[in-house]
Every structure is written in structure tokens, then in C-alpha cells.
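All remarks here apply to the structure that follows.
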Amino acid sequence: MLRLVARRLLQLIPTLLGLSVLLFLWLNRLPGGPASAILGERATEAEVARINRALGLDEPVWVQYGRFIKRIFQLDLGTSTQTGQPVWEEFTLRFPATVELSVAAIAIAIVVGVPLGYFAARRRGSWLDVTAVSGSLLGICIPVFFLALLLKGLFAVNLGIFPSFGRLSTGIDATKVTGFAVLDGLLTGEFDASWDAVMHLVLPAVALASIPLAVIVRMTRASVLEVLGEDYVRTAESKGLDKRVVRARHVLRNALLPVITAVGLLTGSLLSGAVLTESVFSFGGIGQFIRTSIDARDYPVLVGFILFIALVYVLINLLVDVAYSLIDPRVRVH
Amino acid sequence: MNATPGLQKKADKIDRLAQLMERTETTSGAGLWREAFRRLRTSKTAIIGGVVIGVFVLVAIVGPWLAPYSPTAQDWRGEVFPNQGRFVGPRGENWFGLDHLGRDEFSRMLVGARQTLLVGVVSMLIGLVAGAVIGAVSGAAATLGGEPGKRLDTVIMRVTDIILALPSLLLAVSVAAVLGQSLTTVMIAVGVVQVPVFARLLRGSMLAQGSSDYVLAAKAVGIRKRRIVLTQIMPNSLSPVIVQATLSLATAIIEAAALSYLGLGNPDPAIPEWGVMLSQAQRFFDNAPMMSVYPAVGIIVTALGFTLLGEAMREALDPKLRG
């Protein structure tokens, strides 16, 4: 197990290095380069030259790249041009909101999606199956931000069941411990704050869950259908094993393997979706910050975010691989 | 009617037998594609998807001539006050009502279909062509290039994996940042996102073909490697790519709408496009939800059409499902 983790961590290095080269090249390709990003479009040539010298942009490219890498290792991602604060601090401040939202969304997707996909496969052709399949098709085809708007318009603005924006209501004075609003309330015993945070989480999480949910339903269904036709399932059934045992140990355990991989691969689209949902619900996480950074052309933030996301993505997929090998002994042997 | 039940049963049996025989007749000599097409014609999913796409393409072609009014003329400007929340809904003159600048929404939907189709098709083609070239090189190197080929394949795949790891939206934002804001940017940005998908798919498919008997036979006969790749492996590896191309049209249209929502869309207000229309209308969602619903439904239905057809094609081409 340790060897697997170590090997996967080593494989990370070339990936991240490659990404950093791409990002570095990208930064250099930006219209007018970093100088005009700092000075704005109306900078004179003398000013640009001065900034270029100050930033070391007149040095050879590989020297610049070396400095870029060094700064990344020191977690120095530059300062946001919008807020004037270090990018790293802006991220750590907003990270909990996005994690909370993403975890809630993926939890909804798994808790609803796996049973739905499983029963759709078991009762192939039934109304449940038809609903699950067409529902998941629709889930993929609805633009996330439109779904978010619809949910907000219907359940927040018109019906008033859920709050329409933010993470906590204004009247609630919650103590901040971890930054995760739901968890903080539980830790400090402020259950009203926790409940308020949960209510704020429902709509954005449902909107964000739409694509992962659709993918998980389809994956689970296809995978269960395949496993149900396998010889070992028939063998298990014909030797008189209890049906529940066959379903849990033979069908589900094997069918869930590709689903687990899919969950890992969904991280990227989840974070894309977070940018869209968070801005519809003014959720105050990284996603919303990225949205304003796009408007403001805040490149240090965008570069930092891309690096950050790549790291998160790779780490989550590492976790998925480990989880995979825990469930599937065949992987461990190889 | 006057046939006895026994005879009826017999007739049914013969009918079924004929069906079965007809089936073997067509499948025995027919290629993968002909067989797939035959299956497509009987698939409900494919028919629904095909009809939706057909209508969409038709509207994209003739829409501008069907539109009752100019999509850009603000003919009813004096009737719409977005700041006060006053909008005009559907009425006799304007079937879909007016947009926030007093333009006829129905005409804009009709004219906008063309631009939406264009964005979808061009971005898909960008992803397809670039991805296919990369995937073909990688796949050819891995199957026939020996040790150095395998190494080249690893390098190429690592690079595409990096791009695959990035959230598509951010990748698109990065491209848009370099190229500036325009319709071309949107198409390139959405296309770039698809490149690693197509590359991985074609390579994977070529690898699967590379170990098959006919490639081995071709190698044994001494056919040149380039020729094996171009005439043997490639044509047999294309079907998943074509399926993906259909599915990509759906994602491209949705992705373009998301880019518009993020303010990176086509800045030219003269050309209506559903994604841009949706992102403009969403600001007035609380007062005039229907203004968002029209373009949104357009996008969803079109995306559904492409997805349905793509799924049906995937099923039709799946050798596991062939009779």
C-alpha cells in the first residue's frame, strides 16, 4: 500500500512540472505580458520596460522559470490585483466554503446516484429505470448556472423555503473555528448556526450535484448491468447463496469500482461547476472569487487557482486509487 | 381474421424466421458501419435525437428568413424598462415577448440558432482535428514504434493528462485571456478543452486495434508501417471518435453558454447566440424568467438531441451488443 502511494506521489512530479511549464508559458503569452496586466492597457513603453526590469522579465526565460518555480515552492503565488492580499491567504480564507459545497454536492450525488443507478439496473425497463436514465440525460444537458438560477428563483425567491444567497443569515453570530460553517456550529454547540448553514447549502449543493449525479447514475447503472451478467454472479446464485449476500458482495462490490474512479475524475468538473454555482448564490468561496477574478483579469489569482486545482485533482485521484486498491484486492497484487 | 389460432401461430413463426434470416443476410457481408446504421434506424433514441438535430439545423439554415422582425432592431424600446422591472411577455405581435432592449425575442431565437450551431460545430472540429492528430501520432507510436515509440507515447499522454486534469472552464478562461474576447476565442477555448478527450480516445482505440490479428497479418506480410496505420488501424479506430464528436457538440454548446455567463462570450451584440442571450437574460431572471427560459430550453433541447444520437450511436457501434 505504502509503495503504491509512494509511486503515485512520484508520478505526480512530472505532471506538476509539466503543468508549471504550461502555466509559465501562458503567463508570458498574456497580451502585453505581466507588465501591462499590472499597469493597465495605457502604459507607456518606458514604464513597461521599468516594470519588466523590476520583475526580472529582461532575463533569460529559464532564469525566470526557475524563479517562478522557487516562488511556488515557497507558496508565494503573488498578490491579488483586486484585493492587494497574498493569493495564498485569499485561498485559505475561501477554501472551506468551496470544500463544504463540493463535499455536500458529491455526497448528494453518491447517496442518491448509487442506489438510483443500482435499482434502475435491477429493474431494467421499469418506470424507475426510464426516469433515472432520462433524468440523468437532462442533468448533463442543463447548463449548471441555469439550473442554479431556476432553483434560486423557485425555492428561494418565490417559495422562500431556502435562503437565496450567502453561507449564513445576517442575524446569526457564529463563532469561527475551522471556517466550515456547518462543522463550526456543531463544534461550538451553536446548533442554530449549523442549521442555518445547512439551509444555505441545500440549493447550491443540489445545483452543483446535477452533473456528478447524472454521471454516477449512468455509471452505476451500466456497471451493475454488466456485473449482473457475469458468470460469478450466476455461480453464486446457483450455489444457493443468500440473495442479499450476492448483491452486496458480488454485484455491488464489483459494480462500484468504475464508479469510484468516476468520482475522482469528477473533481475537475465539480470545481468548474463551483465557479458557476457559487457566483449565482454569492456563496463566498473560491469559485465566486474566481468569477470576479476573471472579470478583473486578476492573473496571479487565476494562475494560483489553476495550480491549486491541479494539485487537488491529482491528490484526490491518488486517494481514489488507494480506495480502489482497498476494495479491489486484484489491484493490490499487481 | 378467419385463420385458426394454430395457423396464426405458424405464420408468426415463419415471420420471425424470415426476420432472423434477413438479419443474418445483412450482417454477414455488411461492415460495422452498415450494421450500425441499420441498428440506428430502429433505435427510438436515435430517431428522437436525429429529429431534434434535424429541426435545429433547419432552423439554423432558414431561421434568418423565417424571423418576422430584425433580431437587432430595438423596435419596442419604449415599452421595456429593465431598471423598473417592466418587461413585455408573449403577445400577438411578439410570440416570445421582448428582450431587455425591446427586441423581438422570437426573431432572436430563430436567428440565434445559426450562431449556436456554428459555435458547437467549429469548437467540436477544433477539438476533433487537433485531438485526432495527437491521438493518432501517440497511438501509432505506441503500436508500431517499438521502444522509442512507447516513450513518445508516454510523453504525449502525460501532457494531455495535464490538460485533462484542468477544469474545462478554467482552461477556456486561460485561452480567452491570451486571445482576447471574441467569438473565435470562445470556439477555440471550448475546442481546446476537447483536445485531450479526442486524443485519449483515438489512442486507446488504436492500441486496441494494434494488437489485433489483421494488424499482425499486415505486419507479417511486410506492409509499410505508415500504411498499416493509415489504411488498417485508423479506419477501424474511428468509431468511438465519431460518437464522441456527436456528444461533444452537446458539451460545446453548453460550455459556450457557461463562458458567456462568465463574461467571456461573444461581445458583439449584433449577432444573437443562445448562450449569450441566456447570460444576458439571467440578470433579469427574477422579473422576467421567460426571457432566460427560451434560450435555455433551446440549448437544453439541442444538447439533448446530440446526446441522444451520440448515445444511440455508441450503442449501435458497440460490438458487444451486436447480434
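Structure notes:
- Averaged over the residues of peptide B:171-181, the number of Cβ atoms from other protein chains lying within 10 Å of each residue's Cβ is 4.
- Distance between modelled label sites at residue B:301 and residue B:283, nm, 7 Å Cα→Cβ extension: 2.7 nm
- Reachable aspartates and glutamates from residue B:225, criterion Cα separation under 20 angstrom, eight or more residues apart if same chain: B:147, B:153, B:213
- Label-point separation, residue A:131 to residue A:292 (7 Å along Cα→Cβ), nm: 4.2 nm
- In this structure, residue A:282 and residue B:48 have a Cβ-Cβ separation that, at R0 = 45 Å, corresponds to a calculated FRET efficiency of about 0.70.
- Each of A:252, A:5, B:179 was scored by the projection of its Cα onto the charge dipole of the protein assembly as shown, and the greatest displacement toward the positive side belongs to A:252; charges sit on the C-beta of Lys, Arg, Asp and Glu.
- Each residue of region A:322-330 was assigned a 3J(HN,Hα) from its phi angle through the Karplus expression (A = 6.51, B = -1.76, C = 1.60, θ = phi - 60°), giving 5, 4, 4, 6, 5, 7, 10, x, 4 Hz with x at Gly and Pro.
- Over chain B, dividing the summed -39,500 (n - 2.57) contributions of all DSSP H runs of at least 4 residues by the number of residues returns a 222 nm mean residue ellipticity of -25000 deg cm²/dmol.
- 3J(HN,Hα) from dihedral phi, region A:72-87, Karplus parametrisation 6.51/-1.76/1.60, rounded to Hz, x for glycine, proline: 4, 5, 8, 6, 9, 9, x, 10, 5, 6, 7, 9, x, 9, x, 4
- The Cα center of region B:74-109 and the Cα center of region A:288-325 differ in position by 41 Å.
- Highest-first packing order for the peptide set A:263-273, B:57-67 is A:263-273, B:57-67, based on the mean count of other beta carbon atoms within 10 Å.
- Local electrostatic count, residue A:81, Cβ distance below 13 Å [Lys/Arg +1, Asp/Glu -1]: -2
- Percentage relative contact order, chain B, counting C-alpha pairs under 8 Å, at least six apart: 24 percent
- The mean sequence distance of close C-alpha pairs (under 8 Å, at least 6 residues apart), as a share of the length of chain A, puts its relative contact order at 23 percent.
- Loop-resident sites, region B:220-285, for trypsin sites (Lys or Arg not before Pro), counting at most 14 other Cβ within 10 Å (DSSP): B:224
- Backbone N under 11 Å from the residue B:271 label point (7 Å along Cα→Cβ), restricted to region B:74-117: B:114-117
- Shielding by partners for peptide B:246-255, expressed as the average number of C-beta atoms from other protein chains within 10 Å of each residue's C-beta, is 2.
- Between the amide H of residue A:79 and those of A:87, distances stay under 5 Å, these residues lying 5 or more places away or on another chain, with hydrogens modeled in the peptide plane.
- Calculated FRET efficiency, residue A:107 to residue A:67, Cβ-Cβ distance, R0 = 30 Å: about 0.15 to the nearest 0.05.
- Rounded, prolate or oblate (a/c below 1.5 giving rounded, otherwise prolate when a/b exceeds b/c) for the protein assembly as shown by Cα gyration tensor: rounded
- A prolate overall shape is assigned to region A:94-331, the ratio a/c of its alpha-carbon gyration tensor axes (a ≥ b ≥ c) being 1.5 or greater and a/b exceeding b/c.
- Cα-based shape type of chain B, given that a ≥ b ≥ c are square roots of the gyration tensor eigenvalues and the cut on a/c is 1.5: oblate
- Estimated FRET transfer efficiency (residue A:13, residue B:62; beta-carbon r; R0 60 Å; 0.05): 0.60
- Placed amide H near residue B:69: partners under 5 Å, 5+ positions off or other chain: B:107
Taken together, the values in this text are just the output of simple stated rules run on the coordinates, not laboratory data. Every value quoted in this text rests on a predicted model; they were computed, and no experiment measured them. Glycine gets a Cβ as well: all are built from the backbone with ideal geometry, and neighbour counts include every protein chain shown.
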